[in-house]
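The values are calculated or read from the model by the stated rules, or taken from the named source; none is laboratory data. These figures come from a predicted structure and were not determined experimentally. Note: ideal-geometry Cβ built from the backbone for every residue, glycine included; neighbour counts use all protein chains shown.
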Amino acid sequence: MEEQGGEVVGIACIVDRSDRGIKYPIYSGIKLNINIYDEGNCPLCKQNIPIEKPGSRKIAVK
């Protein structure tokens with residue numbers, strides 16, 4: 001935006017999961033503090049538990 005001459009005054013989102021410094025104010029419906037791990041420090045990886053993306057649950061079809 002700024003490169004095109006626009007002025008960024010903030011960021012709007014439904015869920016704010018950010019944990020890193022962002023130079024603009026964030027306006028969100030909810031703020032979630034979610035732990036983020038590097039691959040070598042992931043507690044699930046250390047226990048050999050497979051990682052699933054949220055919302056990607058497998059449905060059993062009979």
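Looking only at the stretch 46-60, decide whether some residue is at pLDDT 85 or above and within 17 Å of the chain's Cα centre (by Cα). Scanning the stretch 46-60 turns up no residue that is at pLDDT 85 or above and within 17 Å of the chain's Cα centre (by Cα).
Restricting to the stretch 10-21, give me the number of residues that are assigned to a loop (DSSP other than H, G, I, E, B) and surrounded by 10 or more Cβ atoms within 10 Å (Cβ to Cβ). Give the derivation first.
We begin by selecting, within the stretch 10-21, every residue assigned to a loop (DSSP other than H, G, I, E, B); these are 10, 17-21.
In the following step, the residues that additionally are surrounded by 10 or more Cβ atoms within 10 Å (Cβ to Cβ) were identified as 17-19.
Looking only at that region, the number is 3.
Just so you know, in the stretch 27-45 the residues that are under 12 Å from the mean Cα position of the chain (by Cα), at pLDDT 85 or above and part of a loop (DSSP other than H, G, I, E, B) include one that is surrounded by the fewest Cβ atoms within 10 Å (Cβ to Cβ), and it is 33.
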